[in-house]
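I have placed the structure first, in the form of structure tokens, so that the comments after it can refer back to it.
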Amino acid sequence: MLRALRSIVARDLRLSLRRRGDVLNHLVFFVIVVTLFPLGVGPEPNLMRIMAPGIVWVAALLAAMLSLQRLFASDYADGTLEQMLISAQPLGLIVVGKIVAHWLMSGLPLTLLAPVLGLQFDLPQQALGVLTLSLLIGTPVLSLIGAVGAALTLGVRGEGVLLALLVLPLYIPVLIFGAGGVAAMANGLGAGPHLSLLGAFLAISCVVAPWAACVALRVAYD
Amino acid sequence: MLEARDLACERGDVRLFAGVSFALAAGELLLVQGPNGSGKTSLLRLVAGLSRPAAGDIRWTGEDIRKLRENYARELLFVGHANAVKDEFSADENLAVARELAGRKSTPLERADALERIGLAARARLPARYLSQGQKRRVALARLCLAADTPLWILDEPFAALDARALATVVALVDEHLARGGMAILTTHQEVAIATRLRHVIALD
């Protein structure tokens, strides 16, 4: 079982590495969106320090969403997904493997990049830590929920926009508690409750999202 | 042993076929024939378990394939219209991934033999994006060389885009499969000489 999971993850990672451009594009997009805000709002250090967690989180959300389209679409187009549906491996396992690989190629790099971008906003060290931790817990939720959206919009015309409409509202709680953690800490409340709630979202979506994505994939082919 | 009873299939509001029944035992071949749009591919997808019939049921060794799920999938090799070949992977890698999905291991040597037999030995390490349509089809069909232990083969237009030599190889592969007691279902527009006498034909219209 674990071996099968590992081979699915390895396959998707290998595929991503062969299409390095795709992965890099989303990271560059993330950096650019974050950088646009100081340019647009004006370089007011105090304002920037307050806005920074929100900006980084919104940019991470958008970048994660952009990368969702390649989660199932290319396998759908060339028929690999069809083979996965009638594979000897349980579909749930394959979907989980694909989600893990997606996170490793989108959520994890975003998380690692976030402290660097936070420095640009002059965030104090503690805030940087909380921001990174919240992304570490929150970005897997983005991949999990996103997988359901990606599966539901397979083969639909104009899937990009539809995917955004479907998935972004579901991302709202993650955004609120992800970005809110840093603000709470700055107000002396501590980020613990926010991070625990993020953890709870992660736990719930770990259970529900792969199952929902499987159902959506079967429907897409029926 | 595969059994289908009173299958019906609908696409949108159109009923493609109804009342299709057949039974397939070890060593038997089922040819599905009919003009374009008559539902050949749809029938094959039903039997592969990819879509649900509008009516009727399909049984494998007496049990509904919907209940068997992965246990049925393990006994099944499906080559559809889409090749399931990734452009970024080489023929060898594609074959390895396909075997993993089938829940079986393959050694590099086995894969090299399979690609050799299907006539791709010289292109085994090349990313598939540099292969022609016919060569990509061969990568998909190379799975047949490794699927001796998979009893049911479902092949949708396996001979499309193949040249005469590759076609002969695939016919030989199906022949061998039937001779060792396997089952095969295939659609084709070409007249192919598959040696078995145990053949059923379904004509859709």
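The values are calculated or read from the model by the stated rules, or taken from the named source; none is laboratory data. All values derive from a computational prediction rather than experimental measurement. For neighbour counting, all protein chains shown are included, and Cβ atoms are generated from backbone atoms with ideal geometry for every residue, glycine included. Keep in mind that these areas ignore ligands, DNA and RNA; they rest on the heavy atoms of the full protein, side chains included. Shrake-Rupley method; radii C 1.70, N 1.55, O 1.52, S 1.80 Å.
Figures for the structure shown
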| read-out | value |
| --- | --- |
| Qualifying residue in segment B:70-88 (condition: more than 19 Å from the chain's Cα centre (by Cα), under 30 Å from B:E10 (Cβ atoms), in the same structural domain as B:A184 (by TED's automatic domain parsing) and acidic (D, E)) | no |
| Segment B:113-154: number of residues that are of a type in the set (A, V, I, L, M) and open to solvent by 50 Å² or more (accessible area, probe 1.4 Å) | 4 |
| Residues located in segment B:24-46, provided they are exposed (fewer than 14 other Cβ atoms within 10 Å of the Cβ) and more than 17 Å from the chain's Cα centre (by Cα) | B:P35, B:N36, B:G37 |
| Those residues of segment B:44-81 which are among the hydrophobic types (A, V, I, L, M, F, W, C), in contact with a helix residue (DSSP H, G or I) (Cβ under 7 Å, 6 or more places away or on another chain) and farther than 21 Å from B:V201 by Cα, in sequence order | B:L50, B:I65 |
| Every residue from segment A:151-168 that is within 12 Å of the chain's Cα centre (by Cα) and open to solvent by less than 10 Å² (accessible area, probe 1.4 Å) | A:V167 |
| Selected residue [over 15 Å from A:V56 (Cβ atoms), in a helix (DSSP H, G or I) and out of contact with any Gly (no Cβ under 8 Å at 6 or more places or on another chain)] from A:A183, A:A164 | A:A164 |
| Residue check for B:L16: assigned to a strand (DSSP E or B), touching a residue at least 24 places away in the same chain (Cβ under 8 Å) and either touching a Leu at 6+ places or on another chain (Cβ under 6 Å) or open to solvent by 20 Å² or more (accessible area, probe 1.4 Å) (or both) | yes |
| Selection within segment A:186-205 - assigned to a helix (DSSP H, G or I) and open to solvent by less than 70 Å² (accessible area, probe 1.4 Å) | A:G192, A:H194, A:L195, A:L198, A:G199, A:A200, A:F201, A:L202, A:A203, A:S205 |
| Wholly enclosed helices (runs of 4 or more DSSP H) of segment A:1-107 bearing at least 2 residues open to solvent by 30 Å² or more (accessible area, probe 1.4 Å) | A:2-18, A:20-41, A:45-78, A:91-105 |
| Matching entry among A:G155, A:G138 (being among the small types (G, A, S) and modelled with pLDDT under 90) | A:G155 |
| Residue ID - surrounded by the most Cβ atoms within 10 Å (Cβ to Cβ), chosen from residues in segment B:55-88 that are in a loop (DSSP other than H, G, I, E, B) and more than 11 Å from chain A (Cβ to nearest Cβ) | B:T61 |
| Search result, residues across segment B:89-106 that are closer than 19 Å to A:R14 by Cα and either free of Cβ contacts under 8 Å to residues at least 40 places away in the same chain or open to solvent by 30 Å² or more (accessible area, probe 1.4 Å) (or both) | B:F89, B:S90, B:D92, B:E93, B:A96, B:V97, B:E100, B:L101, B:K105 |
| Filter result (farther than 18 Å from A:I145 by Cβ and without any contact (Cβ under 8 Å) to a residue 40 or more places away in the chain) within segment A:33-73 | A:V33, A:L36, A:F37, A:L39, A:G40, A:V41, A:G42, A:P43, A:E44, A:N46, A:L47 |
| Test result for B:V32, β-branched (V, I, T) and within 11 Å of chain A (Cβ to nearest Cβ) | no |
| Residue within segment A:173-184 that is surrounded by 16 or more Cβ atoms within 10 Å (Cβ to Cβ) and either among the hydroxyl-bearing types (S, T, Y) or on the phi > 0 side of the Ramachandran plot (or both) present | no |
| Cβ-Cβ under 7 Å pairs, at least 6 apart or on other chains, segment A:83-99 side facing chain B (nearest Cβ under 7 Å), far side among the hydroxyl-bearing types (S, T, Y) | A:L85/A:Y221 |
| Where a residue in segment A:17-29 is on the phi < 0 side of the Ramachandran plot and its partner, wherever it lies, is open to solvent by 40 Å² or more (accessible area, probe 1.4 Å), with Cβ under 7 Å and at least six apart | A:D22/A:R70; A:H26/A:L66; A:L27/A:L113; A:F29/A:L66 |
| Conditions (1) at pLDDT 85 or above; (2) farther than 16 Å from B:G134 by Cβ; (3) surrounded by 13 or more Cβ atoms within 10 Å (Cβ to Cβ); (4) charged (D, E, K, R): number failed by B:E157 | (2) |
